[in-house]
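Here is the structure we will look at.
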Amino acid sequence: MLMLKGIAKGFPGVRALNDVDFEARSGEIHALVGENGAGKSTLTRVIAGVHQPDAGTITFDGQPTVWKGPGDAKRHGVHVIYQEFVLFPHLSVAENIFIGHERRNRLGLIDHRRTRADAKALLERFGIDIDPRSRVRDLSVADQQMVEIAKALIHDVKLLILDEPTAVISGREVDVLFERLRRLRDAGVAIVYISHRLEEIFALCDRVTVLKDGGFVASRPIGDVTRDQLIALMVGRNLAELFPTRRGPKTPGAVVVEARDIDVPGRVRGASIALRAGEITGLAGMVGAGRSELALALFGALKKTGGEVFVDGRPVDIGSPRRAIELGIGLVTEDRKGQGLAMLLDVAANVSASTLPEFTRSGLFDHRREATVADEAIASFRIACRGPGTPVAVMSGGNQQKVIVARWARTSTRLLILDEPTRGVDVGAKTEIYRIMQELADRGVAILMISSELPEIVGMSERVVVMREGVVTGELGPGEITEEAVVELATRRMAG
Amino acid sequence: MSAILSRALTGSRTGLLVVLALLVALFAVGAFVSDRFATTGNILNVYEQSTGLALVSLGQTLTVLTGGIDLSVGSVVSLLSMLTSGLIDGRAEMVVPVLAGVLALGTLIGALNGGLIVATGVHPLIVTLGTGAIVQGIALLYGLGPVGGVPLEFDVFAYGTFAGGLSIGATIALTLFLLVSFFLNNTRTGRRIYAVGDDAHAADLMGLPRRRILVGVYAASGFFAALTAIYLVSRFSAGQPYTGANYTLASITPVVVGGTMLTGGRGGVIGTLLGVYLVSLLNNMLNFLDISSHYQLVVQGLVIILAVSVYVEKQRGLA
Amino acid sequence: MAKPLDAALAPAPFRQHLSRYGILIFLLAVLAVGGLAAPGFLSGANVSNMLLQFAPLGIVVIGQTFVILVRGLDLSVASVMATAAVTATAFNGVNADVPFVFATAIAIGMAVGLVNGLLVTRRRVSPFLATLATMIVLQGARTAWTQGAPSGNVPPLFRTIGAGTFNGIPYNIVFLVAVAILAAVALHRSAFGRRVFITGGNPVTAHLVGIRSDLVTLLAYVVSGACAALAGLVLAGFVGVVDNFVGRGFELDSIVAAVVGGIALSGGKGTVAGALTGAAILVAISNLVVMLGLPVQMQIILKGVVIIVAASFYVKRGR
Amino acid sequence: GPYEGAPRTFLFNPAQEICFKDTSQYKKEGPYVIGFSNAGLGDSWRVVMQHSVIKAAAEHKDKIKQLIVTDAGHDDAKQVADIQDLISRQVDLLLVSANTEQALDPAISRAMQRGIPVVMVDRRIASDNFISFVTASDTMMGRLFAQWIVEKLNGQGNVIMLAGQAGSSPNEIRTRAAMQVFNQHPGIKILDTVYSDWSPVKGKQVMQAAISKYGREINAVWSAHGLQTPGSIEAFIEAGWKDGEIPPHTTSDVNGPLQLALQHKVPMLEVGYPPAMGGVGIDVALKVLDGQTVPCIYEINSQIATTDGDETASIRRDLPISEMVVPNGPADMLVTGGMGPDYNPTTYSVDYPR
Ligand SMILES: Nc1ncnc2c1ncn2[C@@H]1O[C@H](COP(=O)(O)OP(=O)(O)OP(=O)(O)O)[C@@H](O)[C@H]1O
Ligand SMILES: Nc1ncnc2c1ncn2[C@@H]1O[C@H](COP(=O)(O)OP(=O)(O)OP(=O)(O)O)[C@@H](O)[C@H]1O
Ligand SMILES: O[C@@H]1[C@@H](O)[C@H](O)OC[C@H]1O
Ligand SMILES: [Mg+2]
Ligand SMILES: [Mg+2]
């Protein structure tokens, strides 16, 4: 159905794809795996006509093809469920499903009744109970994802690509999805399935292709690889290498920050967590479990409606990030570009952002001192850039992430929260970030690491707190931390 | 008809309710203060007076729905009003060809706006500010004062009435609103205009013809500006170089008061129509209340703030 | 290997300079071409004349720059200018009034900025609408205050400040230079400036690094109000009389100048020097049109062309 | 003393048949509701004119039950709506100062068609569809200004026309009349016509441009009114013209240009266009509602003043500018205002029927 040969694609600062070969056949579910930033989504976008490849050829249905745009690919039966939502929040569910393929009557006008009815039928087939008339923005994230998936299935698809479709859904919804996909496969559709959840790959797919750092690694029938082999292909080295072992003091210090019974309406219910000096605590759970919200509430960036926070055992009122920073709390957010960085500014400005008064001498800003500090950060965190004056926009994701970490590492930070610190970061930078986290912990900083990657949680944490649907379902101490234990807690149904 | 209304209502429910409430409130105040205010005669009068603003805001609504704005409308109205009376120059036989030409030219200028917006990637506010200046300059090159004239009967668009005193122009405008509303709600392109305004990036990924839609929307704005120009010539008997100037900003007020968000993707023309009626009724009422013109401005500004701050969405999440 | 190509992709020095100094080069080109084409364009008298006109626009543009840097827009500047000018005549028209006039005018400007800022930060009204509404309200309040057209004398000292020259150098330039230095220090050499750029560059980041971005935004509007008031006084001194015409057109001209000078409407990018260069280009082109004997309408047309060209230049750079 | 006689155009136009209108069809029992639709208050002249209307209404409380004033802010569309609203409020008569002469024509013609008498003041419409136009003869002003310049320049020289607001009748009529005079003198060249919108601020801006362009070629400035004249004189001063070098200027009503003329030795002709005509508008309105016969054009008298030594063969003054000026008065004061010595436009208020 689809054949890619020698595909290359670069972005400013990154070579996202390099000489990649890939093939998708009708009647086959083909898994595409690789670490964050391996280039899976980029490949998807090349296939869908969003990006023009810098080099290489696409053969579709036996024809050498150059897509004129996403619309062109769509017309030829290529459909993609993107990693980010492609939904129109203020249109109704039904309209979202049929946009681009509107149900029309004989006069060429939109047939609202049929649109609704067809949408309803479609949603029912998925067993989702959503009113097709409701606006998408009013749906839960999981329901939005189901709409995304449903949307792709109205078409006469030849090739269906799903980029981490299960990232925000779980349980029964996943089952429904898999069942659908299998039926489509049996009907002769070619399916490309991208996921970080290896168990899904083994449960669903017929074949797997591994990408690493933008390059093609291997392509095998699923029966020919074991889980461990697959990981080895993806990571390219032992996990032991990836997660540096702690050399510093292992004994946890005193509790620096403790949160008790935190409530965030609709997101977090009665969550408690205690963070100790010099200890790395992992916060695990499925996407949507409310981990980010708990972190944001701790940081004063989200209003909590219940609960208390103690710093050094004293109750404090953290009403704003400003206050949190005063109390020695730092936050590396999950959305680097959207929340973490002022992209147009340079490294120095982004590093100094949280401690501006420190750089003010008799009213004037001390640029020289800022540059010196930034130089030090660049050296000690090994940030690859042209110097303090490099605009962060031209830097790679991993280096951008290091800039943010450097920002917080500089302050009198006592607790540093990192939300998905390695998302979209390449392997090299990943190890660097792990190293930095450990160094900070060695200096006595309490670290809270939110991550959706189990190996990372298991490899880095000295203690793990697990959440599900806004509730803390358990805590694992040293010696108890295994992937199985975390998964068990992350999927455990709580009473009430 | 009721189906259309109910569709329109789902688009911007709060918006319409707010304007409706304001309309009713104004009306009540007016009726309380003056016994001449709530007469059929005066209502027909307000209806008639709404025409020009209605026509120009109709086009503006479309650009705002896509998340853009057209700041060239004032200049386009001015230039085209001059061309209308200048080229007709009192000759009845020229009316039809000139009107056709002016409508075509308005559409073309609008399409050029849209073309520049998609080609340069510059924010529509800046692009149309620029083209607006260019068009205004051309209008002033064409003449510094009123030019030409139109046959007497030409005033039927602005002053003519159906039996019962219903203004012809205002009824044409009303009909156009209903048509455009129908178009927005019941055609593919109409719904896609909302989609493009809601999330341009998603529209691209969905393969929707975003660029074509933008060009079309600005062309429509140009078309309605041309219609406004023709209406003004009918009302004033001649075009003048600054005749449309006030419409540039004035055309935005009814749009936002009617619940269409400047960020795009939400709202609709029925809200704008009510916004237009609100503005017209407000002006009329202020005249009836003997409120000095100075305070009329103050009241208008406050109404904008009042209406607009109602729509402000509750902040979600961060920031 | 998804290895950072940062170093390789670093803009070559020439391109880097082009994007930083491009606008200055453009100004120099206008001046050079003008000097060659129109004898007298670069004569002392004409340069002095241009500087005289440059000062009020320059001062407003600086304020506008603060607002645009925090992703805003200030349409109320012209109204503030006129109000400040009216203040200049509100007392007895003698030099002893000057301190009062200054204090009152700047206070009014800051108050308007405060209202704008509060509407934008507290009510989350879009800057366009918020400042449009205050513009209208203020206009009404001003005419109510003056009962129509302003009257009275401008203190003679203002005349000297606004129109006097010393060896061909206008005194009003001193104000501009003072404001420019203050603004440049505040924006580029102080922590406040940093907060402005971070707030404009990414408001969420600003919030998360503990910057009170609402306060920063508010202050930007206050600065703009104060600058506009000062410019209004300078302009009142320049023309010696005050009427409703003072400041007209400055709202759009100041936005045009800022954009031409490389202040990104999307916020967080630009310099005081760039903005002033943009303003200088507008003044120079307007003057050149006159010196070349072109129809004055060309001033508006060229303004339109320049803003579109400049804006698309920056968009291309930004990609 | 100043000329107190009948309007000269009225007396000295033997060729002109004066048109009168019978208004018996509009005769009504009082007290009346009169609507005054003002084009706007864009300049100080208009403010005084509006006050003069109000003052006259206050003086006729017995006959006028209500005076409703609207202000269109110099927006044609708003003025048309204002007029319609006044009609909707069932006024007995409309007093209108039309923003522009073309745009308001259809609306006013329609009011007349509906039987509502319209009296125009200061600014008329293009057609004759009104009862009476109260003015001080724009035609005469335009001509006198032009004739004086021709004679000051001995028929040779370059003139800048510093016009008011394009499209408003005073501007159009004065300019047209002036051109009739200038066109008879081939030695006179019109360098440029620039528009001030009756604003000294804009007047100064446009004159600065004209001075940059034509420099010392400019031999005289024909200004359609005094509002913008100070802007022009200031522009010359700033461009380096010394006292006594500034070319002749024309002006009306406003104190500032008179002060400047004396201070900087600018040859100047002043022809008055008194804002007091607003009050006359009310008088005429009451005549119409009383069914009296009124002239189609009701001219009130304007006086003529010049700087010393600047009378010409055709232009004789009623008084010297040095006597007309209020030396320490505000620059924007209307010396022909007729509102009394204590009048202050910003604080003026009177109890009129509303
Ligand atoms: N539009 C873009 N501009 C710049 N860089 C990009 C762009 N899209 C992707 N990249 C970069 O290209 C590399 C590959 O990204 P891609 O999104 O394809 O990875 P992925 O394998 O899908 O990762 P994930 O598992 O996190 O989704 C990353 O370094 C990413 O930062
Ligand atoms: N109502 C909503 N509308 C749109 N997006 C939402 C909404 N609620 C949550 N999200 C987004 O969905 C994603 C998952 O939600 P959330 O942040 O609560 O989960 P989490 O437990 O922190 O998971 P993770 O941090 O792994 O994404 C986040 O990116 C969040 O911003
Ligand atoms: O008649 C004119 C009036 O309309 C204008 O507004 O001010 C100047 C006068 O000469
Ligand atoms: Mg991806
Ligand atoms: Mg999250």
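The values are calculated or read from the model by the stated rules, or taken from the named source; none is laboratory data. Model, not experiment: these values are computed from the prediction. Positions of Cβ are backbone-derived with ideal geometry, glycine not excepted, and every protein chain shown enters the neighbour counts. These area figures cover heavy atoms from the full protein model, side chains too; ligands, DNA and RNA do not enter into them. Shrake-Rupley method; radii C 1.70, N 1.55, O 1.52, S 1.80 Å.
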Practice task
Kindly provide the set of residues from the range A:305-342 that are within 16 Å of ligand 4 (Cβ to nearest atom) and either part of a loop (DSSP other than H, G, I, E, B) or buried (at least 18 other Cβ atoms within 10 Å of the Cβ) (or both), ordered by number.
Solution key: A:Glu334, A:Asp335, A:Arg336
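If I ask for residues that are of a type in the set (S, T, N, Q) and open to solvent by 30 Å² or more (accessible area, probe 1.4 Å), which ones from the range A:69-102 would you list?
To start, the set of residues in the range A:69-102 that are of a type in the set (S, T, N, Q) comprises A:83, A:92, A:96.
Within the range A:69-102, A:Gln83 is the sole residue that qualifies.
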Fill in the blank from the handout: Taking the range A:45-68 and the residues there that are assigned to a strand (DSSP E or B) and not aliphatic (A, V, I, L, M), the one that is surrounded by the most Cβ atoms within 10 Å (Cβ to Cβ) would be A:Phe60
Fill in the blank from the handout: Of (1) away from chain C (no Cβ under 14 Å); (2) aliphatic (A, V, I, L, M); (3) within 20 Å of D:Gly167 (Cα to Cα), D:Ala39 fails just (1)
Practice task
Return yes when C:Gly249 is surrounded by fewer than 24 Cβ atoms within 10 Å (Cβ to Cβ), closer than 26 Å to C:Ala84 by Cα and touching a residue at least 24 places away in the same chain (Cβ under 8 Å) and no when it is not.
Solution key: yes
Practice task
For the range C:204-214, state whether one or more residues are outside any helix (DSSP H, G or I) and open to solvent by 20 Å² or more (accessible area, probe 1.4 Å).
Solution key: yes
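Residues to consider are A:Lys9, A:Lys74; find the one that is modelled with pLDDT of 90 or more, among the basic types (Lys, Arg) and more than 16 Å from ligand 3 (Cβ to nearest atom). Walk me through it before giving the result.
Numbers: A:Lys74 fails: modelled with pLDDT of 90 or more.
Matching residue, one of A:Lys9, A:Lys74: A:Lys9.
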Problem - Segments classed as strands (runs of 3 or more DSSP E), wholly inside the range D:200-304, with at least 2 members that are closer than 25 Å to D:Leu95 by Cα - result: D:297-299
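For the range C:168-179, name all the residues that are open to solvent by 30 Å² or more (accessible area, probe 1.4 Å) and of a type in the set (A, V, I, L, M).
First, pick out the residues of the range C:168-179 that are open to solvent by 30 Å² or more (accessible area, probe 1.4 Å): C:168-169, C:171, C:174-175, C:177-178.
Those that are open to solvent by 30 Å² or more (accessible area, probe 1.4 Å) and of a type in the set (A, V, I, L, M): C:Ile169, C:Val174, C:Val177, C:Ala178.
Restricting attention to the range D:306-345, which residues are assigned to a strand (DSSP E or B) and over 17 Å from D:Pro275 (Cα atoms)? Write out each step before concluding.
In the first step, residues of the range D:306-345 are kept if they are assigned to a strand (DSSP E or B); the result is D:306, D:319-320, D:334.
Those that are assigned to a strand (DSSP E or B) and over 17 Å from D:Pro275 (Cα atoms): D:Thr306, D:Leu319, D:Pro320.
The rows are residues; the columns are (1) within 24 Å of D:Val80 (Cα to Cα); (2) away from ligand 2 (no atom under 16 Å from the Cβ); (3) surrounded by 23 or more Cβ atoms within 10 Å (Cβ to Cβ); (4) not hydrophobic (A, V, I, L, M, F, W, C).
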site	(1), (2), (3), (4)
D:Val118	yes, yes, yes, no
D:Asp122	yes, yes, yes, yes
D:Ala126	yes, yes, no, no
D:Asn129	yes, yes, no, yes
D:Arg143	no, yes, no, yes
D:Gln165	yes, yes, yes, yes
D:Arg174	no, yes, yes, yes
Exercise for the section: Output the number of residues of the range C:151-164 satisfying the condition of being more than 8 Å from every other protein chain (Cβ to nearest Cβ) and not aromatic (Phe, Trp, Tyr). Expected result: 9
Exercise for the section: For the range D:136-144, state whether one or more residues are more than 9 Å from chain B (Cβ to nearest Cβ), in contact with a strand residue (DSSP E or B) (Cβ under 6 Å, 6 or more places away or on another chain) and not aliphatic (A, V, I, L, M). Expected result: yes
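With the structure loaded, tell me whether A:Val147 is surrounded by 21 or more Cβ atoms within 10 Å (Cβ to Cβ), within 12 Å of another protein chain (Cβ to nearest Cβ) and hydrophobic (A, V, I, L, M, F, W, C) or whether it fails that test.
Details: surrounded by 21 or more Cβ atoms within 10 Å (Cβ to Cβ): yes; within 12 Å of another protein chain (Cβ to nearest Cβ): no; hydrophobic (A, V, I, L, M, F, W, C): yes.
For A:Val147, the condition - surrounded by 21 or more Cβ atoms within 10 Å (Cβ to Cβ), within 12 Å of another protein chain (Cβ to nearest Cβ) and hydrophobic (A, V, I, L, M, F, W, C) - is not met.
Could you say which residue among B:Ala139, B:Ala158 is more than 23 Å from B:Leu62 (Cβ to Cβ), open to solvent by less than 20 Å² (accessible area, probe 1.4 Å) and in contact with a Leu (Cβ under 7 Å, 6 or more places away or on another chain)? Working first, answer last.
Values: B:Ala158 fails: in contact with a Leu (Cβ under 7 Å, 6 or more places away or on another chain).
Criteria check complete, one pass: B:Ala139.
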Practice task
Check off (1) closer than 18 Å to B:Val150 by Cα; (2) assigned to a helix (DSSP H, G or I); (3) more than 11 Å from every other protein chain (Cβ to nearest Cβ) for B:Gly90 and give me the number that stays unchecked.
Solution key: (2)
Practice task
With the condition kept exactly as written, say whether any residue in the range A:56-69 is modelled with pLDDT under 95 and within 30 Å of A:Glu420 (Cα to Cα).
Solution key: no
Exercise for the section: Could you check D:Ser132 against (1) under 30 Å from D:Gly240 (Cβ atoms); (2) among the small types (Gly, Ala, Ser); (3) away from ligand 3 (no atom under 16 Å from the Cβ) and say which number it fails? Expected result: (1)
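Is it the case that some residue within the range D:211-222 is charged (D, E, K, R) and surrounded by 21 or more Cβ atoms within 10 Å (Cβ to Cβ)? Outline the logic, then answer.
We begin by selecting, within the range D:211-222, every residue charged (D, E, K, R); these are D:213, D:216-217.
Add one more test, that the residue is surrounded by 21 or more Cβ atoms within 10 Å (Cβ to Cβ), and what stays is D:213.
So far as the range D:211-222 goes, yes, one or more of its residues are charged (D, E, K, R) and surrounded by 21 or more Cβ atoms within 10 Å (Cβ to Cβ).
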Practice task
Could you tell me which of the residues A:Leu302, A:Leu296 is of a type outside the set (S, T, N, Q), assigned to a loop (DSSP other than H, G, I, E, B) and within 16 Å of ligand 2 (Cβ to nearest atom)?
Solution key: A:Leu302
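Which one is farthest from A:Leu302 (Cα to Cα) among residues in the range C:180-195 that are open to solvent by less than 20 Å² (accessible area, probe 1.4 Å) and away from chain A (no Cβ under 11 Å)?
Initially, the range C:180-195 is screened for residues open to solvent by less than 20 Å² (accessible area, probe 1.4 Å), giving C:180, C:183, C:187, C:190-191, C:193.
Adding the requirement that they be away from chain A (no Cβ under 11 Å) leaves C:180, C:183.
Working: C:Ala180: 39, C:Ala183: 34 Å.
Within the range C:180-195, the match that is farthest from A:Leu302 (Cα to Cα) is C:Ala180.
Yes/no matrix, rows are residues, columns are (1) basic (Lys, Arg); (2) closer than 19 Å to D:Tyr348 by Cβ; (3) within 16 Å of ligand 1 (Cβ to nearest atom); (4) open to solvent by 20 Å² or more (accessible area, probe 1.4 Å):
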| residue | (1), (2), (3), (4) |
| --- | --- |
| D:Tyr26 | no, no, no, yes |
| D:Ile34 | no, no, no, no |
| D:Ser37 | no, no, no, no |
| D:Ser52 | no, yes, no, no |
| D:Ala56 | no, yes, no, no |
| D:His74 | no, no, no, yes |
| D:Ala77 | no, no, no, yes |
| D:Leu86 | no, no, no, no |
| D:Val96 | no, no, no, no |
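Name every residue in the range C:70-87 that is part of a helix (DSSP H, G or I), hydrophobic (A, V, I, L, M, F, W, C) and within 27 Å of B:His123 (Cβ to Cβ), in order of residue number.
Keep residues of the range C:70-87 that are part of a helix (DSSP H, G or I), which gives C:77-87.
Imposing the further condition that a residue be hydrophobic (A, V, I, L, M, F, W, C) reduces the set to C:77-78, C:80-82, C:84-86.
Once the filter is applied, which keeps residues that are part of a helix (DSSP H, G or I), hydrophobic (A, V, I, L, M, F, W, C) and within 27 Å of B:His123 (Cβ to Cβ), the range C:70-87 yields C:Val77, C:Ala78, C:Val80, C:Met81.
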Exercise for the section: May I ask you to verify whether C:Val115 is within 24 Å of B:Val303 (Cβ to Cβ) and not aromatic (Phe, Trp, Tyr)? Expected result: yes
Completion exercise
Within the range C:92-147, residues open to solvent by less than 20 Å² (accessible area, probe 1.4 Å), touching a residue at least 12 places away in the same chain (Cβ under 8 Å) and not in a helix (DSSP H, G or I) come out as C:Gly93
Handout entry: Test: C:Leu282 is more than 9 Å from every other protein chain (Cβ to nearest Cβ), open to solvent by 30 Å² or more (accessible area, probe 1.4 Å) and not in a loop (DSSP other than H, G, I, E, B)
Key = no
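Anything in the range B:298-318 that is at pLDDT 80 or above, within 20 Å of the chain's Cα centre (by Cα) and within 7 Å of another protein chain (Cβ to nearest Cβ)? List them, or say none.
Kept after step one, since they are at pLDDT 80 or above, are these residues of the range B:298-318: B:298-306.
Add one more test, that the residue is within 20 Å of the chain's Cα centre (by Cα), and what stays is B:300-301, B:303-305.
Listed by number, the residues that qualify are B:Gln300, B:Gly301, B:Ile304, B:Ile305.
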Practice task
Tell me, yes or no, whether the range D:183-193 has at least one residue that is in contact with a Ser or Thr (Cβ under 9 Å, 6 or more places away or on another chain), more than 16 Å from ligand 4 (Cβ to nearest atom) and of a type in the set (S, T, N, Q).
Solution key: yes
